[in-house]
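None of the figures in this text is laboratory data; all of them are computed from the coordinates on show. Just so it is clear, the model here is predicted, and its values are computed rather than measured. Neighbour counts run over all protein chains shown; Cβ positions are idealised from the backbone, glycine included.
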Amino acid sequence: MSSVEVRNLVKKYGDFTAVRDASFRAETGSLISILGPSGCGKTTTLRAIAGFETATSGDILLDDKPVNDIPPWRRNIGIVFQSYALFPFMTVADNVGYGLKMRKMDRDQIARKTDDALNRVGLPDSHLKYPRQLSGGQRQRVALARALVIEPAVMLLDEPLSALDAKLRDEMRFELKRIQRQSGVTTLLVTHDQEEAFTLSDQIVVMNNAVVKQVGSPREIWDNPNCAFVADFIGIENILPAERTTNGVRIAGHDFAALSDAAPGSDIMAAFRSSDLELAGDEAGQFAGQVVGEAYTGNYNVYQVQTGLSEAPIILKTGKSQRLSGTINLKLAPDRIKILERD
Amino acid sequence: MSSSRAENALLVAGKTLSVAMMVAGFLFLLGPIVIVVISSFTSASYLTFPPPEFSLRWYYEVFSLSWFSRSIVTSFVIAIIATAISAVLGILVARALARGTFRAKAIVEFVVLTPLLLPIVVLGFGLFNLLVTLALEGHNFVNLIGGHIMITVPFVVRSVWSAMAGTDITLEEASLGLGATPFETFRNVVLPMARPGIISGGILAFTMSFNDVSLSIFLTGPRASTLPVEMMAHIEYSADPTPAAISTIMLAITLIIFAVTSRTVGLKIFA
């Protein structure tokens, strides 16, 4: 097992830049996610680590040693593809044993390790089946076993859960975490699903338009997104242009107290979650709004509220028993306002 | 109501028509073959249908012909060698066309597939003239193999290429990622994935070579001649039913080869 580091990685295809100066590091035994929308360069980064893409510039380091010149078949990296890429003409056991066979291990040893790997992923009785006889979740487990059995320095997962239905996805998420913790293998996964990234990862790398926007633990990113893109991507509903004042922010002429290190006068974005808005009741709030739209989602109600802060209505969430209509007064605690760079 | 009745009537008419077309198609395709097979068992000394009486007379006759046993062996050997060589060539070319990105790709594609479009007689005539110019026309056996490779390679390329193009490239990456070298990946993943294409291309190539007249007629000579060419020569001189018997034998051989290949190396695992 090793640490993985990507240092100033650039990948260009002609005039198109797929990855621009990406840097991050995953410590030995940790699980790191690259999170971003499709086309952001996350899969290209993963493929560069695997060795399927050559870096235009920059380095890929395993255990602090550059591996740019090592071909994929000598990197000892376990890869789980989005499509799983199981060999359709081989049995489950042959699929899992393939990497060991390529390492010229003897038959008994291959059989033993294959058994062990299939047990670990919870598929003890499927040796002689063909991939087409398995369900989506079982195929995923085989793909995991095949990647783990070679005792890779690093395991790479490309959108590992995207091909599964919602219920199976939740189940496999726990499985994936359990298997990763048990094997202790350094793991890098690529996903566009923020929930997947947040529940699985020790570290998250958020990418957009070929650029790494933010690197941090799930909690850091959840509490302190550093730019409007990241805030939007992790689901913060209200992101408004604002200006920094001495002790807060000014949004469309309204002053709010806020905690920030940004210099006064600078153009920023102010963001707050729909659940962080508080109703001021009859006492005077900080600003007033008119309810213009509502939706019931079961556990809570979502409202569109037209306010003086922005042209588009802001989003407000309440508990399921609390229903709103007409004109309402709202307030916002200083520590709930996030100050973001403009992208 | 009435419009839906009209639609139903149209549907029934359509179905009846398509069944009729299918029956007509089968009759049209299989009719001549059935007639040849049946009339080969005639006892008469000329070809009639239906035969006045059934006998194996012409089969005994065929096996006593010296040119028959000689040329059927030649045909077999040539078909096997030509199929093997065009399979190897075809796989390599198909691989280059399916995965390679090179500038001359369009040219290679054109050159390799042209024989499919050209009348084989034209190809044969050209090849014959070339061989005469080089004073190589005497090497019948080698020339036949070379000529047959020319006309069979495109079939192998076509079917292997489409099998390879339909294969998910991540399977190869999975193999590389698991520690297989590009050569091992080719052997362990690319070839097995292309297997249905290789088998069907091989069967096509074999039957093409085994049954060819148009090209072989220019290349045969005293040193080597194939069964279909000898049969053509025989038909020119006599009107006896031996060609019908030979045709039936060739048909049987082709069917047996097809059945055996699909049984042994079959396409079962991909079903």
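Name, by its number, the condition in (1) over 23 Å from B:Thr207 (Cα atoms); (2) aliphatic (A, V, I, L, M); (3) more than 14 Å from chain A (Cβ to nearest Cβ) that does not hold for B:Leu176.
Checking B:Leu176 against (1) over 23 Å from B:Thr207 (Cα atoms); (2) aliphatic (A, V, I, L, M); (3) more than 14 Å from chain A (Cβ to nearest Cβ), the one that fails is (3).
Please determine, by comparing only the residues of the range B:131-142 that are out of contact with any Asp or Glu (no Cβ under 7 Å at 6 or more places or on another chain) and in a helix (DSSP H, G or I), which one is surrounded by the most Cβ atoms within 10 Å (Cβ to Cβ).
The residue in question is B:Asn140.
Among the residues that make up the range A:52-59, is at least one of them surrounded by 15 or more Cβ atoms within 10 Å (Cβ to Cβ) and within 12 Å of chain B (Cβ to nearest Cβ)?
Within the range A:52-59 (the criterion being surrounded by 15 or more Cβ atoms within 10 Å (Cβ to Cβ) and within 12 Å of chain B (Cβ to nearest Cβ)), the answer is yes, since at least one residue qualifies.
Given the residues A:Ile49, A:Ile32, which is the only one that is away from chain B (no Cβ under 14 Å), under 25 Å from A:Ile179 (Cβ atoms), under 24 Å from the mean Cα position of the chain (by Cα) and of a type in the set (Val, Ile, Thr)?
None of the others qualify; the one that does is A:Ile32.
For the range A:150-225, please list each of the strands (runs of 3 or more DSSP E) lying entirely inside it that holds at least 1 residues being within 14 Å of chain B (Cβ to nearest Cβ).
Output list reads A:154-158, A:186-191.
So, restricting to helices (runs of 4 or more DSSP H) that lie completely within the range B:169-228, which ones have at least 1 residues that are closer than 20 Å to B:Thr254 by Cβ?
Those helices (runs of 4 or more DSSP H) span B:191-211, B:216-219.
Going by what's in this entry, would A:Ser217 be described as surrounded by fewer than 17 Cβ atoms within 10 Å (Cβ to Cβ), in contact with a Lys or Arg (Cβ under 6 Å, 6 or more places away or on another chain) and either over 30 Å from A:Ile79 (Cα atoms) or free of Cβ contacts under 8 Å to residues at least 40 places away in the same chain (or both)?
On the way: surrounded by fewer than 17 Cβ atoms within 10 Å (Cβ to Cβ): yes; in contact with a Lys or Arg (Cβ under 6 Å, 6 or more places away or on another chain): no; either over 30 Å from A:Ile79 (Cα atoms) or free of Cβ contacts under 8 Å to residues at least 40 places away in the same chain (or both): yes.
When the stated conditions are applied, A:Ser217 does not pass them.
So, B:Ser162, is that one touching an Asp or Glu at 6+ places or on another chain (Cβ under 8 Å) and of a type in the set (Ser, Thr, Tyr) or not?
So B:Ser162 does not fit the description; no.
In the range A:190-214, which residue that is within 17 Å of A:Thr44 (Cβ to Cβ) and over 8 Å from the mean Cα position of the chain (by Cα) is surrounded by the fewest Cβ atoms within 10 Å (Cβ to Cβ)?
For the range A:190-214, the residue satisfying everything is A:Asn209.
In the range B:183-222, which residues are within 12 Å of chain A (Cβ to nearest Cβ) and in contact with a Leu (Cβ under 7 Å, 6 or more places away or on another chain)?
The answer is B:Thr185, B:Val189, B:Met193, B:Pro196.
For the range A:11-27, give me each residue that is surrounded by 15 or more Cβ atoms within 10 Å (Cβ to Cβ) and either farther than 16 Å from A:Gly39 by Cα or touching a Lys or Arg at 6+ places or on another chain (Cβ under 6 Å) (or both).
A:Ala18, A:Val19, A:Phe24, A:Arg25, A:Ala26
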